[in-house]
Amino acid sequence: MKKITLGLALLALTNAACQSNATTSTNKSTNQVVINSNGNPPAAINHNSMNHDAMNHSDMQSSPNAANAPYDLQFLDTMIAHHTGAVDMAKPVTAQTQNKELIAFAEKIIADQTREIAQMKEWREKWFAAKPAAMNMEMPGMRESMKMDMAKLGAANGEDFDRMFVGMMIPHHAGAVDMAKEALTKAEHPEIKKLSEQIIESQQEEIRQMQNWKVKLAK
């Protein structure tokens, strides 16, 4: 009897061990637990990769003690957030207008600013690895240019969307130009100064283009 009991106990332990080699994750469509077989803990959710197209950027707050961080770190974190806002604003264009010029314009914004975001993130990792976030809403041009009602923009279509997009993107670009102009005198890294020159040149030209569209759309 003892041998049978011991055998059953060993069998139960073996089954439990097999089950414990699986880890769990959540099925997003059903909120049910899904069993994975790799034996590793489920990966943490990267909230930075989530879709924030409808977020209200005007609610953004400065990082704690951002103003006390090195200027170059403040610039990188703040301009990354600013560029991300432009990309978020440009993403709905293809689906919400038939204006081919505006679609091409939005695609250029996404390509250019996504590339610049990647470059700034690379510099941040190189120069300020492991430093706390230093996004500063009080940097020149930041707070005013982030007053974008993404929900309202997402609900518009056709020429209404075109007018709203141009009306929001002009001051947003202007904020980037203001921030970049300050960086020309305050930044320590020449790479940031060069990037700032590029931002000023390209976004001032884009502002002129959007101002022309704004006049046409007003008629």
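Could you run through segment 109-142 and say how many residues are among the charged types (D, E, K, R) and touching a helix residue (DSSP H, G or I) at 6+ places or on another chain (Cβ under 8 Å)?
Matching residues across segment 109-142 total 6.
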- [ ] Would you be able to say whether some residue in segment 193-203 is crowded, with 20+ Cβ neighbours inside 10 Å, under 19 Å from Pro70 (Cβ atoms) and touching a helix residue (DSSP H, G or I) at 6+ places or on another chain (Cβ under 9 Å)?
- [x] yes
Task: Single unsatisfied condition, Met142 versus (1) touching a Gly at 6+ places or on another chain (Cβ under 7 Å); (2) on the phi > 0 side of the Ramachandran plot; (3) in contact (Cβ under 8 Å) with a residue 60 or more places away in the chain - done: (2)
Task: Matching option when the condition is touching a Ser or Thr at 6+ places or on another chain (Cβ under 7 Å) and not β-branched (Val, Ile, Thr), among Met164, Met146 - done: Met146
Open item on the list: Suppose we keep only residues that are assigned to a helix (DSSP H, G or I) and in contact with a Lys or Arg (Cβ under 7 Å, 6 or more places away or on another chain) within segment 181-219. Which one would you say is nearest to Glu116 (Cα to Cα)?
Closed with: Ile200
- [ ] Could you tell me which residue of segment 74-99 is surrounded by the fewest Cβ atoms within 10 Å (Cβ to Cβ), considering only residues that are of a type in the set (Ser, Thr, Tyr) and in a helix (DSSP H, G or I)?
- [x] Thr94
Open item on the list: Just the residues that are surrounded by 14 or more Cβ atoms within 10 Å (Cβ to Cβ) and over 20 Å from the mean Cα position of the chain (by Cα), please, taken from segment 172-185.
Closed with: Asp178, Lys181, Glu182, Ala183
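Residues of segment 159-171 being among the acidic types (Asp, Glu) and either modelled with pLDDT of 95 or more or buried (at least 18 other Cβ atoms within 10 Å of the Cβ) (or both), which ones? Let's see the steps before the verdict.
From segment 159-171, those among the acidic types (Asp, Glu) are 159-160, 162; that's our starting set.
Answer for segment 159-171, where residues must be among the acidic types (Asp, Glu) and either modelled with pLDDT of 95 or more or buried (at least 18 other Cβ atoms within 10 Å of the Cβ) (or both): just Asp162.
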TODO: Return the residue satisfying two criteria in turn: it lies in segment 122-158 and is modelled with pLDDT of 95 or more and part of a helix (DSSP H, G or I), and of such residues it is nearest to Glu191 (Cα to Cα).
DONE: Trp123
Task: Flag if Gln119 is of a type in the set (S, T, N, Q), touching a residue at least 40 places away in the same chain (Cβ under 8 Å) and assigned to a helix (DSSP H, G or I) - done: yes
Open item on the list: Exactly one of these conditions fails for Ala180: (1) over 21 Å from Met60 (Cα atoms); (2) at pLDDT 95 or above. Give me its number.
Closed with: (1)
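The values are calculated or read from the model by the stated rules, or taken from the named source; none is laboratory data. None of the values given here were measured: they were computed from a predicted structure. Every residue, glycine among them, receives a Cβ derived from its backbone with ideal geometry; neighbour counts consider all protein chains shown.
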